[in-house]
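Values quoted throughout were computed directly from the atomic coordinates according to the rules given, and no laboratory measurement underlies them. Because the structure is a prediction, the values reported are computed rather than measured. Please note: Cβ atoms are built from the backbone with ideal geometry, for glycine as well, and neighbour counts cover all protein chains shown.
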Amino acid sequence: MSAPDWPRTWVTCPSDPGRSGRASRRRRSIGSSVAANNALGPGCATTVGVKIGPIGVWPPVVLAPMAGITNAAFRVICRDVQGAAAPVLKAAAPVEGVTAPVQGAASVQGMTVPVQDATLQAGGVAGPVDAAGLYVCEMITTRALVERNVKTMRMIRFAPGESPRSIQLYGVDPDTVGRAVKMIVDEDLADHIDLNFGCPVPKVTRRGGGSALPYKRNLLRRILRSAVANAGALPVTIKMRTGIDDDHLTYLDAGRIAQEEGVAAVALHARTARQHYGGTADWSHIARLKEAVTQIPVLGNGDIWCADDAMRMVAQTGCDGVVVGRGCLGRPWLFRDLQNAFNGSPERARPALGEVAEVMGRHLEALVGTLGSERSAVVDFRKHVGWYLKGFTVGAELRRELTSVESVDEFRRITNNLDQGQPWPPNTDTPRGKSGERSKVLLPEGWLDDPDDGVVSEESDVSGG
Ligand SMILES: Cc1cc2nc3c(=O)[nH]c(=O)nc-3n(C[C@H](O)[C@H](O)[C@H](O)COP(=O)(O)O)c2cc1C
């Protein structure tokens with residue numbers, strides 16, 4: 001990867017050439033650059049990306065880790081469909097005489113949202129970017145990793161050309177987490193490590209892991225210290241929920257601890273564990289986290305179903321980037337939309353059924369490589385079929401056939417018979433994937449008695465967040 005020296009903010013100021021170029025090495029983020037734009041006054045536009053440790057990321061978009069979904073095949077399809085127009089950003093020289101079409105704001109479907117990309121749109125100014133988004137793998141259990149569990153070792157494989165390589169780890173024991181991180185560094189298994197403190201699955205929380213863990217502040221601190229100490233130059237980020245439930249919010253303390261311990265960025269899924277995937281994410285918590293955590297980027301997560309949702313999240317919370325989960329299920333085009341939106345373009349991908357079917361076929365083929373057998377791939381792909389076809393008029397019989405094929409060829413034969421020209425359906429920017437609340441969060445006995453005790457949680461084999 002290149003250019004660790006990338007400045008977070010570049011400015012072009014046509015009305016005052018003396019202020020053009022690398023205007024500031026101050027640590028600014030996308031959200032705060034809106035204010036920066038205003039401070040610079042009319043005629044100046046700011047272009048920023050988010051820095052995750054040494055990695056400059058534009059668009060500031062992260063594919064959320066999703067167990068059973070974000071394997072190499074899925075990540076490659078998402079990156080592919082995004083089309084990474086990001087090389088635009090690599091045209092680093094300012095374009096003389098180019099002025100930004102808007103100053104710090106653009107109108108997206110009637111909303112005013114901040115854009116820092118105005119200069120990009122104008123062909124303009126940017127620093128080197130190392131990553132056109134981050135695409136995080138499925139959650140990996142640290143104990144299984146250090147024990148070199150065969151399935152786990154397969155899960156951390158990346159496709160050729162995947163860069164940067166992002167691994168999400170789940171662990172509850174500082175020593176095991178440290179060893180897992182060291183293994184990743186020593187064996188060059190990834191470029192970025194995310195730690196999962198958001199998993200709400202009962203099997204995990206009842207042992208004090210996942211979203212239950214940040215409640216124990218000392219334990220959280222020890223885990224983060226161990227991870228960062230062993231990570232060398234690799235950035236360590238964390239992903240968490242707002243807390244266990246409304247009476248036990250943990251994210252502000254956790255964010256501050258992460259910052260103090262040298263974590264490179266924090267991502268917040270704006271739901272409690274109790275909420276699971278139900279209700280709506282409360283983005284006001286992301287705004288509050290952004291106010292509390294000022295030295296490192298804050299990434300917002302929860303209920304981004306279309307690119308304009310991401311723009312709204314940035315506008316409302318000031319977050320430095322977004323993490324997208326369920327919205328991209330069966331819809332890798334969302335990453336292209338997000339790229340367009342962050343670059344200030346209103347263009348949105350609206351593939352006809354033929355293109356959707358073609359991408360489905362490629363995804364399935366890629367799964368054969370990732371999972372090691374055609375049989376595993378066709379079985380695994382069943383869950384994706386409904387997401388891809390959401391809203392399209394495809395008969396129940398055809399859908400059923402597509403979820404019971406035995407081979408890639410058979411899949412392609414059936415999809416060849418679909419109405420290739422059928423347009424992208426309306427109303428697809430709506431929830432998909434998991435939903436629903438939990439009546440309570442299972443916790444170890446006495447877990448809530450003292451947030452500052454020196455408890456150690458137990459590791460669990462379960463994945464999911
Ligand atoms: C099927 C599925 C699996 C998930 N697995 C993980 C995981 O392994 N690690 C994690 O941090 N979050 C996991 N999540 C949570 C997502 O990363 C994300 O935080 C959550 O879905 C909210 O974002 P969204 O509203 O964009 O979907 C999972 C979510 C789903 C739907």
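Values for this structure:
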read-out	value
Cα gyration tensor shape of region 310-465, rounded if a/c is under 1.5, else prolate or oblate by comparing a/b with b/c	oblate
Protection-proxy order for peptides 201-209, 394-402, each taking the mean of Cβ atoms within 10 Å per residue, highest first	201-209, 394-402
Point-to-point label distance, K203-E406, nm (Cα→Cβ direction, 7 Å offset)	3.1
Residue order, fewest to most surrounding Cβ atoms within 10 angstrom, among C199, C319	C199, C319
Additional length obtainable on full extension of the chain from K383 to E397, 0.36 nm per residue less Cα span	3.4 nm
Share, in percent, of DSSP beta bridges within region 192-274 that are antiparallel, nearest 5	10
Cα-centred dipole magnitude for region 353-416, charges only on beta-carbon of K, R (+1) and D, E (-1), debye, nearest 20	240
Rounded to 5, percent antiparallel among DSSP beta bridges of region 138-296	5
Label-to-label distance, nm, for residues given as V456 and N427 (7 Å Cα→Cβ offset)	5.4
V266, V441 arranged by Cβ crowding within 10 Å, fewest neighbours leading	V441, V266
Ranked V456, V322, criterion: other C-beta atoms within 10 Å, fewest first	V456, V322
Anchor K51: lysines whose Cα lies under 21 Å away (excluding residues fewer than 8 positions away in-chain)	K90, K239, K290
Contour minus Cα-Cα distance for E162 and A233 (0.36 nm per residue)	23.7 nm
